[in-house]
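Read through the structure below, which is laid out as structure tokens, and then see the notes.
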Amino acid sequence: LAPWEDSRGTGRAGCVGEASGGVTVGPLMMLLADRRPLDWTPQQSLELAALGLTTIGLSLLVFRTPFPTAYIVIPLVLWAALRFTPRETASTTFIINAIAVYGTTHGLGPFPLADQNTSLLVLQAFVALKSINGLLMACRSAAKPEPANDVSMSCERRYWAANTSELHFHHDSSSLYS
């Protein structure tokens, strides 16, 4: 328990912590509850293993040294977002966040400051920024249209571009346009 004098800072850190935790854990729980089978090719499985090992290794390195290199893990989240589904992106984000929280609460990594509440606020801003951006990028990547749809849309656009010059509007007293 924190002393009463620290309650204002502790309360603020707690509220922000709840929000950033919800941004990290909530999507992960929802995406892991999805029972669709994982249909990775052997090459994707190998790439996912490389992503996982790199994420763990780089996160341990970053959050155990006092150098300000926390944002160097963001490309890992983008790698997961652009090459895999939101499920893998949320998992990657969770791993990074868990290691970052552990390091910060134990006085390691780039976020420990003189005041623990301030350290946690800075960490939570990092967690929220990375989690939201990674999931938005993953959702956008997952929503890419199929190539067939792109072709049909471009054909439709070409049709309208070719035929709009032939559209004529005539004023008629019974209706606005005929």
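The values are calculated or read from the model by the stated rules, or taken from the named source; none is laboratory data. Computed from a predicted structure; not experimentally measured. For neighbour counting, all protein chains shown are included, and Cβ atoms are generated from backbone atoms with ideal geometry for every residue, glycine included. Note: areas computed on protein heavy atoms with side chains; ligands, DNA, RNA excluded. Shrake-Rupley method; radii C 1.70, N 1.55, O 1.52, S 1.80 Å.
Look at the range 54-79 and say how many of its residues are over 17 Å from the mean Cα position of the chain (by Cα) and either assigned to a helix (DSSP H, G or I) or basic (Lys, Arg) (or both).
The total comes to 8.
Please list, ordered by first then second residue, the pairs with beta carbon atoms under 8 Å, 6 or more apart or interchain, first in the range 111-122 and part of a loop (DSSP other than H, G, I, E, B), second open to solvent by less than 40 Å² (accessible area, probe 1.4 Å) and polar (S, T, N, Q).
111/104; 111/119; 112/104; 112/119; 113/119
Residue-by-condition table, conditions (1) within 23 Å of residue 133 (Cα to Cα); (2) surrounded by fewer than 19 Cβ atoms within 10 Å (Cβ to Cβ):
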{"site": "65", "(1), (2)": "no, yes"}
{"site": "71", "(1), (2)": "yes, yes"}
{"site": "81", "(1), (2)": "yes, no"}
{"site": "118", "(1), (2)": "yes, yes"}
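Those residues that are in a helix (DSSP H, G or I), open to solvent by 40 Å² or more (accessible area, probe 1.4 Å) and in contact (Cβ under 8 Å) with a residue 24 or more places away in the chain, I need them from the range 33-53; list them, please.
44
Look at residue 28 and say whether it is within 21 Å of residue 134 (Cα to Cα), in a helix (DSSP H, G or I) and at pLDDT below 75.
yes
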